[in-house]
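Student: Okay, here's the structure, questions in a sec.
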Amino acid sequence: MLRHRLGVTRTDLFSDIQEGLPESDAAWLKERVREHALFGTPVQYMIGRVSFYGRSFKVTPNVLIPRPETEELVYRTGIWAERYFPESRSLAVCDIGCGSGAIAVTLALEHPKWRVSAVDISERALAVAEENAKNLGARIDFYRGDLLDPLVGRTFDVLVSNPPYITRSEMDELSDTVKNYEPRLALFGGADGLDFYRRILEAVPGVIGSAPFFLMAFEIGAAQGRPVASLIRNAFTDRIETLTVEQDVSGYDRNVMAVIRTDRKLP
């Protein structure tokens, strides 16, 4: 909060830590800390920004606050795409449930040859994502709609998604900073948290492109590695090239990565 208020870097903040604060800045900081402590208002919503993959993204209460763990999904998507697709290939990539656009924008900027599309059902979330893409210089095709519905008639090489995956019982256990402020639409994944994975997987065959492989990269809850992997295994029984559950830096299951054989050849 103080870095935001003063417009300084982390290094500058610590190098000048002994300097006094102007009265107006001190009063502002005290009020924000009070608001956070008493009411649980997320710091990111108070300052309207969050850092993700080294870039500053706008966030509002209309979008989920991007977490550091999601940076690992972005990183793994790039690594796996290099492994299964020719280096020079311009991949068609879709981000389902894009929220603030953190995933889609980062993928587009980190991989300039990729053609990235992003979908969200929330008009307000899309407005935030489009603003982030514009401000950061990312070229993305945005679509409003329910999961893959707006992409009917288009095909892709890679699908990335961090869908709502909080279970009904977990919703009651969330901290106030999450439960009372972040959009329920971006959190609740049904009784077992798997509703959106089921629906995405059901629609995936309709968007698979012409390459020999189709890559899917999902973020999951810490207890959902095996269940989501099982859903993929059941949906593509005889076509799985690779299917793994990857852990985050804290040692929790966090991503399910799957490569599906399409039985097609590159032109």
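The values are calculated or read from the model by the stated rules, or taken from the named source; none is laboratory data. Bear in mind that the values here come from a model prediction, so they are computed numbers and not experimental data. Cβ placement follows ideal geometry from the backbone for every residue including glycine, while neighbour counts extend to all protein chains displayed.
Student: Looking at this structure, is ALA258 assigned to a loop (DSSP other than H, G, I, E, B) and touching a helix residue (DSSP H, G or I) at 6+ places or on another chain (Cβ under 6 Å)?
Tutor: In short, no.
Student: Within the bounds of the stretch 110-130, is there any residue that is in contact with a Phe, Trp or Tyr (Cβ under 7 Å, 6 or more places away or on another chain), in contact (Cβ under 8 Å) with a residue 60 or more places away in the chain, among the hydrophobic types (A, V, I, L, M, F, W, C) and within 25 Å of GLY189 (Cβ to Cβ)?
Tutor: Within the stretch 110-130, one or more residues are in contact with a Phe, Trp or Tyr (Cβ under 7 Å, 6 or more places away or on another chain), in contact (Cβ under 8 Å) with a residue 60 or more places away in the chain, among the hydrophobic types (A, V, I, L, M, F, W, C) and within 25 Å of GLY189 (Cβ to Cβ).
Student: Looking at SER169, is it within 30 Å of TYR45 (Cα to Cα), free of Cβ contacts under 8 Å to residues at least 24 places away in the same chain and part of a helix (DSSP H, G or I)?
Tutor: The answer is yes for SER169.
Student: Taking the stretch 77-95, which residues are buried (at least 18 other Cβ atoms within 10 Å of the Cβ) and within 30 Å of GLY48 (Cβ to Cβ)?
Tutor: Of everything in the stretch 77-95, those that are buried (at least 18 other Cβ atoms within 10 Å of the Cβ) and within 30 Å of GLY48 (Cβ to Cβ) turn out to be THR77, VAL93, CYS94, ASP95.
A quick yes/no check of all residues on (1) in a loop (DSSP other than H, G, I, E, B); (2) of a type in the set (Ser, Thr, Tyr):
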{"site": "GLY99", "(1), (2)": "yes, no"}
{"site": "ILE103", "(1), (2)": "no, no"}
{"site": "LYS134", "(1), (2)": "no, no"}
{"site": "ASP146", "(1), (2)": "yes, no"}
{"site": "TYR181", "(1), (2)": "yes, yes"}
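Student: So TRP80 ticks every box in (1) touching a strand residue (DSSP E or B) at 6+ places or on another chain (Cβ under 7 Å); (2) part of a helix (DSSP H, G or I); (3) not assigned by TED's automatic domain parsing to the domain that holds GLU123 but one. Which box is left unticked?
Tutor: Result: TRP80 passes all but (3).
Student: Please go through the stretch 1-51 and pick out each residue that is modelled with pLDDT of 90 or more, part of a helix (DSSP H, G or I), surrounded by 11 or more Cβ atoms within 10 Å (Cβ to Cβ) and hydroxyl-bearing (Ser, Thr, Tyr).
Tutor: Correct list: TYR45 only.
Student: Right, here's the next one. How do the pairs read when you match residues in the stretch 148-160 that are at pLDDT 95 or above with residues anywhere that are among the basic types (Lys, Arg), using Cβ under 8 Å and keeping only pairs 6 or more apart or on different chains?
Tutor: From the stretch 148-160, the pairs are PRO150/ARG144; ASP157/ARG89.
Student: Of LEU185, LEU174, LEU201, which residue is over 27 Å from ALA108 (Cα atoms) and either in the same structural domain as ARG67 (by TED's automatic domain parsing) or touching a Lys or Arg at 6+ places or on another chain (Cβ under 7 Å) (or both)?
Tutor: Within the list LEU185, LEU174, LEU201, the selection yields LEU174.
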